[in-house]
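Novice: There's a structure below that I have some questions on.
No value in this document is a laboratory result; all are computed from the given coordinates. On a predicted model such as this, the values are computed, not experimentally measured, just so you know. Here the Cβ positions follow ideal geometry from the backbone for every residue, glycine too, while neighbour counts run over all protein chains shown.
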Amino acid sequence: MIKLYKFGPAFGLPDASPFVMKVETYLRITGQKYEVASGDVRKAPRKQLPFVDIDGKIYPDSTAIVDLLEGARTDKLDTHLEAGQRAVGQAFKSMLEEHLYFGVLYMRWITDDGWTVFEPSLKEMLGTFGVPGLMRGMVAKSARKQVTNRVYQQGIGRQPRAEVVGSCVKMVDALSVQLGEGKYFFGDKPTTYDATVYAFTAGVLCPAFDNELRKHSATKKNLVSYADRLKEQYWKD
């Protein structure tokens, strides 16, 4: 049995974290049975979510989890991909997870308008971790400071908002061009890369954060259609 530890639904998304959404979307694409549990990031391996418990053994890191589960399957999702496609897939996966992710953090955690939306959900999550109500505001502010420092150290947090949005817009545009009119990221069959692409596409299109990045992303009709299609196919419940 696979048990997935996650933050929980937020902002109309299956989870606040695109990395949790990535793993859970992968599980749904492959039709693997799993159950979910609320994870306490303070007690999680590497202090990150998601992690999974598979038959009593704990595995952290979204990429390592997908690689582990995919490696155990006989009918692997990426079998039909050529070497060049795998290279493109890896490049886009890295772009989304190592660069666009920090832009999303910036827009949700650091900007005042993003924080106004994010803070109430964060306080609610803290409640599931057992943080007393009177302390949630203080813990939320501390978490915001930690994320701000993390984004600053990565580099994008040193930029003014307009530059951050400009960089993220270029990534969204590149994603849109690569996707084209395909049903999935690489044509007519889903691959492991769709788990990441869907998670981040749904994230930047999230209506709860009605910022410049979301408005630009919504003009990319193929991304909107892609997100709607995968939501309908894999997230009906």
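Novice: Compute the Cα gyration tensor for the range 1-155, then decide on rounded, prolate or oblate, letting a ≥ b ≥ c be the square roots of its eigenvalues: rounded whenever a/c is under 1.5, prolate when a/b is larger than b/c in the other cases, and oblate in all that remain.
Specialist: Working: a/c = 2.38, a/b = 1.45, b/c = 1.64.
Note, shape of the range 1-155 comes out oblate.
Novice: Just to check I understand the Karplus step: with θ = phi - 60° and J = 6.51 cos²θ - 1.76 cosθ + 1.60, what whole-Hz values come out for the range 75-88, glycine and proline as x?
Specialist: Each residue of the range 75-88 in turn: 9, 6, 5, 9, 4, 7, 7, 7, 4, x, 5, 4, 5, 5 Hz.
Novice: Give the range of the longest stretch in the chain that excludes all GluC sites (Glu not before Pro) found in loop regions by DSSP and having at most 10 other beta-carbon atoms within 10 Å.
Specialist: 83-180
Novice: Here's something else I'd like to know. Roughly what would the spin-label model give for D173 and R150, points 7 Å off Cα along C-beta, in nm?
Specialist: If labels sit at D173 and R150, their model points lie 2.9 nm apart.
Novice: What residues have an amide H closer than 5 Å to that of V36, excluding those fewer than 5 places away on the same chain, when H is modeled at 1.01 Å from N in the peptide plane?
Specialist: So V36 has HN proximity to L4.
Novice: Can you tell which of V177, L4, Y198 lies farthest toward the positive end of the dipole of the chain, using +1 and -1 charges on the Cβ of basic and acidic side chains (Lys, Arg; Asp, Glu)?
Specialist: L4
Novice: Using a 10 angstrom cutoff on alpha carbons, build the Gaussian network for the chain and name the most mobile of T196, T128, T74.
Specialist: T74
Novice: Rounded to a whole number, what is D in µm²/s for the range 173-234 from Stokes-Einstein with the Kirkwood radius over alpha-carbon pairs (20 °C, 1.002 mPa s)?
Specialist: Calculated translational D: 184 µm²/s.
Novice: Give me the percent relative contact order of the range 94-235, please, defined on Cα pairs under 8 angstrom at least 6 residues apart. Each step should come with its number before you reach the end.
Specialist: On the way: 101 pairs, mean separation 35.4, N = 142.
Relative contact order comes out at 25 percent.
Novice: Near the amide H of D78, under 5 Å away, which other amide H atoms are found, from residues 5 or more places off or on another chain, if H is placed in the peptide plane?
Specialist: T192
Novice: Separate question: Quickly estimate the mean residue ellipticity at 222 nm for the chain, helices only: each DSSP H run with n ≥ 4 gives -39500 (n - 2.57), and the total goes over all residues, rounded to 500.
Specialist: Value at 222 nm, helices only, nearest 500: -17500 deg cm²/dmol.
Novice: Which pairs break 20 Å Cα to Cα here: K22/K47; K33/K76; K123/K236; K6/K215; K6/K43; K47/K123?
Specialist: Those over the limit are K123/K236; K6/K215.
Novice: Identify which of V52, V20, V88 has the largest mean-square fluctuation in a Gaussian network model of the chain, with springs joining Cα atoms closer than 10 Å.
Specialist: Largest GNM mean-square fluctuation: V88.
Novice: Quick check on the range 25-96: take the gyration tensor over C-alpha atoms, sort the square-rooted eigenvalues as a ≥ b ≥ c, and tell me if it's rounded (a/c under 1.5), prolate or oblate.
Specialist: Working: a/c = 2.57, a/b = 1.54, b/c = 1.67.
Oblate is the answer for the range 25-96, as a/c is 1.5 or above yet b/c matches or exceeds a/b.
Novice: Considering Cα pairs under 8 angstrom that are at least six residues apart, work out the relative contact order of the chain and quote it in whole percent.
Specialist: 23
Novice: Moving on. How long is the gain from D188 to A64 if the chain were fully straight, where each residue apart is worth 0.36 nm and the alpha carbon distance is subtracted?
Specialist: Extra length from D188 to A64 when fully extended: 42.1 nm.
Novice: I'd like to know which of S94, Y226, G56 lies farthest towards the positive end of the charge dipole of the chain, counting +1 on Cβ of Lys and Arg and -1 on Cβ of Asp and Glu.
Specialist: G56
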